[in-house]
Amino acid sequence: MCTTCGCGNHNALIGGKMMQQQVPRKQQGAFVYRSHAEHSLHEKTHTHDPAQTRIVQVERDILEKNDALAADNRARLGARGILALNLVSSPGSGKTTLLVRTISELLQEERLIGRSPFIEVIEGDQQTDSDAERIRATGVQTIQINTGKGCHLDADMVGHAMEQLELPHGAVLFIENVGNLVCPAAFDLGEAAKVVVLSVTEGEDKPLKYPDMFRAAKLMLLNKCDLLPYLNFDVAQVIACAKRVNPEIEIIQLSATTGEGMTEWLEWIAHEREAVSL
């Protein structure tokens with residue numbers, strides 16, 4: 001359960017199969033996983049602290065367990081030199097369109113230099129697999145996670161999905177999170193970096209309204225820049241807002257439709273890929 005909004009992930013479907021949270025997956029070291037619902041029940045029935053203290057404790061327990069699972073995911077990925085990027089945004093930012101174009105260009109680039117392209121995707125949505133089908137059309141293996149009432153992916157879901165992927169050494173794993181600028185900021189999935197996609201149709205003050213997400217992100221992709229001539233959008237202002245929240249955040253302006261800025265984005269991926277493979 002997410003204590004921010006009260007959603008639950010006990011109905012999550014991974015690759016079309018119900019996620020069995022009661023059964024812990026294999027991990028490095030001893031760790032017993034208890035479902036979010038069990039945590040909530042345990043806290044309600046075994047504490048006499050004030051309500052707010054119980055909420056804080058439940059949230060701490062959930063995030064601590066998630067962080068342990070994320071560390072396990074990160075170790076598994078790191079051992080194989082795999083770059084995992086967690087793509088986050090609000091709905092309608094153009095995240096899937098950008099991902100499809102990114103994959104297509106990466107595949108073409110790697111084939112031109114004679115290297116076998118290894119790209120895999122974990123796709124998160126509350127319902128449907130329409131985005132996953134768009135991604136599969138590029139030819140890459142894609143595992144769909146439907147979170148049901150859940151508003152974000154967590155490390156356990158991603159760990160189970162990783163078990164259904166080939167994940168060869170040196171691969172790039174894109175994780176497309178559920179469209180939400182709030183809860184995904186708090187959940188580490190074991191990724192190398194969070195990449196927040198913000199479109200120019202959303203407003204310059206989004207980084208100030210949702211600071212946790214932009215603070216957690218390593219890179220901000222300002223998407224749909226081809227629409228700038230038709231909008232009253234101040235690029236300098238949105239960059240200033242993002243830097244105010246996170247002075248270290250990197251920013252690339254691009255358009256998934258026209259291809260503007262894609263070269264810089266692909267070069268960023270190549271740099272990050274090289275860093276994890278060292």
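The values are calculated or read from the model by the stated rules, or taken from the named source; none is laboratory data. Please read these numbers as outputs of a predicted model, since none were measured by experiment. We place every Cβ from the backbone using ideal geometry, glycine too, and count neighbours over all the protein chains shown.
Data overview
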{"item": "Residue satisfying all of: in the range 73-91; in contact with a strand residue (DSSP E or B) (Cβ under 7 Å, 6 or more places away or on another chain) and either outside any strand (DSSP E or B) or β-branched (Val, Ile, Thr) (or both); nearest to residue 123 (Cα to Cα) among these", "result": "88"}
{"item": "Only one of 198, 112 that is more than 13 Å from the chain's Cα centre (by Cα) and more than 18 Å from residue 89 (Cα to Cα)", "result": "112"}
{"item": "Search result, residues across the range 235-278 that are touching a Pro at 6+ places or on another chain (Cβ under 6 Å) and not β-branched (Val, Ile, Thr)", "result": "241, 242"}
{"item": "The listed residue being of a type outside the set (Phe, Trp, Tyr) and touching a Lys or Arg at 6+ places or on another chain (Cβ under 8 Å), out of 228, 189, 173, 181", "result": "181"}
{"item": "Residues of the range 164-184 satisfying the condition of being under 23 Å from residue 235 (Cα atoms) and touching a helix residue (DSSP H, G or I) at 6+ places or on another chain (Cβ under 8 Å)", "result": "179, 181, 182"}
{"item": "Helices (runs of 4 or more DSSP H) lying entirely in the range 196-278 (those with 1 or more residues that are among the hydroxyl-bearing types (Ser, Thr, Tyr), modelled with pLDDT under 95 and in contact with a His (Cβ under 9 Å, 6 or more places away or on another chain))", "result": "262-277"}
